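For reference, the structure discussed in these notes is given below.
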Amino acid sequence: MGYALYLTIVCLFAVWATAHLLLCVKLARRSIRHGAIGLLVPPLAIYYAQHFALGKITLIWVISLSSYLVALTAGFIG
């Protein structure tokens, strides 16, 4: 795995982790229970975010996780 791919994987994970934390904070402002569960179980965070219609942060969460998984797969294949 090259240095650029390694750096990409680390940065994408950092973006996803930050988006996940912000998403859980926004969920906790609406319902503390949903925020806590979303923090511990990431797939439920996105489910609750769609339920509460938290638009842009939900999109950032999905795109960053998808990009991270693609880059991680590319690192294992290449």
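The values are calculated or read from the model by the stated rules, or taken from the named source; none is laboratory data. As the structure is a prediction and not an experimental result, all values here were calculated from the model. Cβ placement follows ideal geometry from the backbone for every residue including glycine, while neighbour counts extend to all protein chains displayed.
Here are the numbers for this structure:
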{"quantity": "Search result, residues across the stretch 68-78 that are touching a residue at least 24 places away in the same chain (Cβ under 8 Å) and surrounded by fewer than 17 Cβ atoms within 10 Å (Cβ to Cβ)", "calculated": "L72, A74, G75, G78"}
{"quantity": "Leading residue by the ranking (surrounded by the most Cβ atoms within 10 Å (Cβ to Cβ)) among those in the stretch 49-67 that are among the small types (G, A, S) and more than 18 Å from F13 (Cβ to Cβ)", "calculated": "A49"}
{"quantity": "Filter result for A53 (among the small types (G, A, S) and at pLDDT below 90)", "calculated": "yes"}
{"quantity": "Long-range neighbours under 7 Å by Cβ, at least six apart or interchain, first residue over 17 Å from I60 (Cβ atoms) within the stretch 1-24, second small (G, A, S)", "calculated": "M1/G75; M1/G78; L5/A71; L5/A74; L5/G75; I9/A71; I9/G75"}
{"quantity": "In the stretch 29-48, residue surrounded by the fewest Cβ atoms within 10 Å (Cβ to Cβ) [restricted to those that are aliphatic (A, V, I, L, M) and touching a Gly at 6+ places or on another chain (Cβ under 7 Å)]", "calculated": "L44"}
{"quantity": "Number of positions in the stretch 27-44 that are under 20 Å from S66 (Cβ atoms) and part of a helix (DSSP H, G or I)", "calculated": "4"}
{"quantity": "Residue list for the stretch 63-78, filter: within 29 Å of H34 (Cβ to Cβ) and out of contact with any helix residue (DSSP H, G or I) (no Cβ under 7 Å at 6 or more places or on another chain)", "calculated": "I63, S66, L69, V70"}
